[in-house]
Amino acid sequence: MIERNIEVELPTGLQARPAAQFVQLANRFHSDIFIEKNEKRVNAKSIMGLMSLAVANGEEVRLIIDGHDENEAIRRLEEFVKDS
């Protein structure tokens, strides 16, 4: 299991289109993927769950990933919130 705090650098945060793209990316992996903000944890493969967090630009979230492809998943998801 990997847990990492990351800062969301997307101009609009994880809202609307970026949230949908993040969920699509998360669904490419077999690992269980969760995202946590202010002690609220949601399944990162669920658009409704992710949108409920209302993650804005500059906010820190915690990614929790568990599974055989967790290393690739953490790398790709962290790149997404920093580079998109």
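What follows is calculated from the coordinates using simple rules that are stated; it is not laboratory data. All of these numbers come straight from a predicted model, not from anything done at the bench. Neighbour counts run over all protein chains shown; Cβ positions are idealised from the backbone, glycine included.
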For segment 6-84, listing trypsin sites (Lys or Arg not before Pro) in a DSSP loop whose Cβ sees at most 16 other Cβ atoms within 10 Å gives ARG28
When the dipole is taken about the Cα centre of the chain, and only Lys, Arg (+1) and Asp, Glu (-1) are charged at their Cβ, what size is it in debye, to the nearest 20?
300
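Relative contact order for the chain: what percent, with Cα pairs under 8 Å and sequence separation of 6 or more?
Working: 156 pairs, mean separation 38.5, N = 84.
RCO, the chain: 46 percent.
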Among PHE22, ILE35, GLY67, the residue whose Cα sits farthest towards the positive end of the charge dipole of the chain, when +1 is placed on the Cβ of each Lys and Arg and -1 on the Cβ of each Asp and Glu, is PHE22
Any chance you could list the semi-axes, whole Å, largest first, of the equivalent ellipsoid that the Cα gyration tensor gives for the chain, using √(5λ)?
17, 13, 12
Can you give me the distance in nm between label points at ASN27 and ASN5, each placed 7 Å from the Cα along the Cα-to-Cβ direction?
3.1
Between ARG62 and ALA16, what length comes free when the chain is fully extended (0.36 nm per residue of separation minus the Cα-Cα distance, one decimal in nm)?
14.6 nm
